[in-house]
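Trainee: Just passing along the structure, written as structure tokens.
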Amino acid sequence: MSGEAASTTPLRMSRRVMNLAYVLTQNARRHGDRPGFVWGEKSWTWREINAEVSALAAALSARGIEKGDRILVHSKNGEQMFWSMFAAFRLGAVWVPTNFRLMPDEVTYLATASGAKAFLCHGAFPEHAAVVKGRSLAFTWRIGDEGGFGETTVRQAITAHAGARVENAAVEHDDPCWFFFTSGTTGRSKAAVLTHGQMGFVITNHLADLTPGTTEQDASLVVAPLSHGAGVHQLMQTARGATTVLLPSDKFDVPEAFRLIEAHRVSNLFTVPTILKMMVEHPAADQFDHSSLRHVIYAGAPMYREDQKAALKKLGKVIVQYFGLGEVTGNITVLPAALHEEEDGPRARIGSCGYERTGMQVQIQDDQGRDLKPFETGEICVIGPAVFAGYYDNPEANAKAFRDGWFRTGDLGHMDDEGFVYITGRASDMYISGGSNIYPREIEEKILTHPSIGEVAVL
């Protein structure tokens, strides 16, 4: 090496990463004959899934879908919806799933906002197919057999290209793969851009922090729409070859959920506190064997302490909490099963959503962006590889969401001196009474300790 000082200029190199659809390639090769997806009486092996996804990717490619194109998907849970995610990834296109409960005009807005070129619409939603138009939209295909709209059906497209072999497109770290639409609680929904590189980290992080030890021997039950958090969860389960099991209908049926848990020896599921509460309180919890469960993950909202206790008593020490927005793909904090205590006390971490996720950093900041001391309330902010690339075509929203590189969650809370985070609530929820800041969540927790009260909302 010469005596001259080494250059500190960063190298401008390609940041090639694994295409997310490669996890199917791996599974077809290593676990080809194992079941990868179960829905009702139907079951598909990993080899069959990989072939179906390739056929769908070939059909979309033949219709003009290329790398970077957006594919809008409005569908209830089902195998074709799940295939569409991997087909989009395989082509280097962008998967744009919607909440299937949205009204036609709302989906029309998402089509326009995302610049979608293709629309895959479930047959149960002919009104959506009829009105969804956009400057970029080239065609509509129908998911499922019902309904009579669309250029063709996804099943017909797959059949027409059966046997096609489609390689996974070359992608770089920042190439978008998924537009994750926010709930729009503060206005119109915004498309959070998730990328192949970011999601590769998210898969690894979820497996490490939420369902450690997952293998192809495991099974995961889906009790939420695959368009959002459940889709991320099933993507990371797919990365380990675990079987995804769907409920037979879009109606949540507690006895059927427990029956499937027993029948398939389900080891993990992703849900929200209200659904978990329903499962715990239903007589079916005592009628089926759920001893296979190791990780019952809840997110999306805080879980009241009394409900936590009930879940621990009924299911055992298997519940896992995480806190995270779609923009950070769920990767902010985790409270693992081992730290959920049935009895109150110092070890119970009552009210905490856990500590920082692996590879992520959290700060509680004041309005000027300064890091606050332990137990001081401020805005929860986060940096790390799981943070999204920004909102699509929305510089104003990006300017508000980031400060000095930190993503601002909009949630208020504090951190104790060991790094455990406590969410106080949304800034918009707080109200002032008698000169004091009042957070509804704190009052609700107190009210719920009364044995005669099962549900409460403070406004």
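The values are calculated or read from the model by the stated rules, or taken from the named source; none is laboratory data. All values reported here derive from a predicted model rather than from experimental measurement. Cβ sites come from the backbone with ideal geometry, for glycine too, and all protein chains shown count toward neighbours.
Trainee: Quick check on region 210-224. Is at least one of its residues buried (at least 21 other Cβ atoms within 10 Å of the Cβ) and touching a Pro at 6+ places or on another chain (Cβ under 8 Å)?
Mentor: For region 210-224, residues buried (at least 21 other Cβ atoms within 10 Å of the Cβ) and touching a Pro at 6+ places or on another chain (Cβ under 8 Å): absent.
Trainee: Can I ask one more? (1) modelled with pLDDT of 95 or more; (2) in contact with a Gly (Cβ under 9 Å, 6 or more places away or on another chain); (3) surrounded by fewer than 23 Cβ atoms within 10 Å (Cβ to Cβ): which one isn't true of Arg305, the others all being true?
Mentor: Every listed condition holds for Arg305 apart from (1).
Trainee: Which is closer than 21 Å to Ser249 by Cα and either of a type in the set (S, T, N, Q) or free of Cβ contacts under 8 Å to residues at least 60 places away in the same chain (or both), of Phe82, Phe119, Phe125?
Mentor: Phe125
Trainee: Taking the residues in region 375-428 that are of a type in the set (Ser, Thr, Tyr) and closer than 18 Å to Arg349 by Cα as candidates, determine which candidate is surrounded by the fewest Cβ atoms within 10 Å (Cβ to Cβ). Spell out the reasoning first.
Mentor: Kept after step one, since they are of a type in the set (Ser, Thr, Tyr), are these residues of region 375-428: 377, 391-392, 409, 422, 424, 428.
Filter once more, keeping what is closer than 18 Å to Arg349 by Cα: 377, 422, 424.
On the way: Thr377: 17, Tyr422: 22, Thr424: 20.
So, considering only residues that are of a type in the set (Ser, Thr, Tyr) and closer than 18 Å to Arg349 by Cα, the one surrounded by the fewest Cβ atoms within 10 Å (Cβ to Cβ) is Thr377.
Trainee: Consider Gly231 against the criteria (1) closer than 21 Å to Glu79 by Cα; (2) at pLDDT below 95: it satisfies all of them except one. Which criterion is unmet?
Mentor: Here Gly231 meets the rest and fails (2).
Trainee: Restricting attention to region 108-119, and to residues there that are out of contact with any Leu (no Cβ under 7 Å at 6 or more places or on another chain) and of a type outside the set (S, T, N, Q), which single residue is surrounded by the most Cβ atoms within 10 Å (Cβ to Cβ)?
Mentor: By that ranking, first place goes to Ala113.
Trainee: Collect the residues in region 257-306 that are among the charged types (D, E, K, R) and either not assigned by TED's automatic domain parsing to the domain that holds Asn331 or not in a helix (DSSP H, G or I) (or both), keeping them in residue-number order.
Mentor: The answer is Arg265, Asp289, Arg294.
Trainee: Something else now. Starting from region 343-354, keep only residues that are among the polar types (S, T, N, Q), then list their pairs with residues that are part of a loop (DSSP other than H, G, I, E, B) whose Cβ atoms are within a distance under 6 Å, requiring at least 6 positions of separation or different chains.
Mentor: Qualifying pairs under 6 Å: Ser352/Phe420.
Trainee: In region 99-118, is there at least one residue being within 25 Å of Val232 (Cβ to Cβ) and acidic (Asp, Glu)?
Mentor: Yes, because at least one residue in region 99-118 is within 25 Å of Val232 (Cβ to Cβ) and acidic (Asp, Glu).
Trainee: Out of all the residues in region 120-127, is one or more in contact with a helix residue (DSSP H, G or I) (Cβ under 6 Å, 6 or more places away or on another chain), of a type in the set (Asp, Glu), modelled with pLDDT of 95 or more and not in a loop (DSSP other than H, G, I, E, B)?
Mentor: Yes, the conditions are met somewhere in region 120-127.
Trainee: Would you tally the residues in region 36-64 being buried (at least 19 other Cβ atoms within 10 Å of the Cβ), touching a strand residue (DSSP E or B) at 6+ places or on another chain (Cβ under 8 Å) and under 20 Å from Ala239 (Cβ atoms)?
Mentor: Total satisfying the criteria: 7.
Trainee: On to the next question. Just name the residue that is nearest to Ala118 (Cα to Cα) out of those in region 143-171 that are touching a Gly at 6+ places or on another chain (Cβ under 7 Å) and of a type outside the set (Val, Ile, Thr).
Mentor: Gly144
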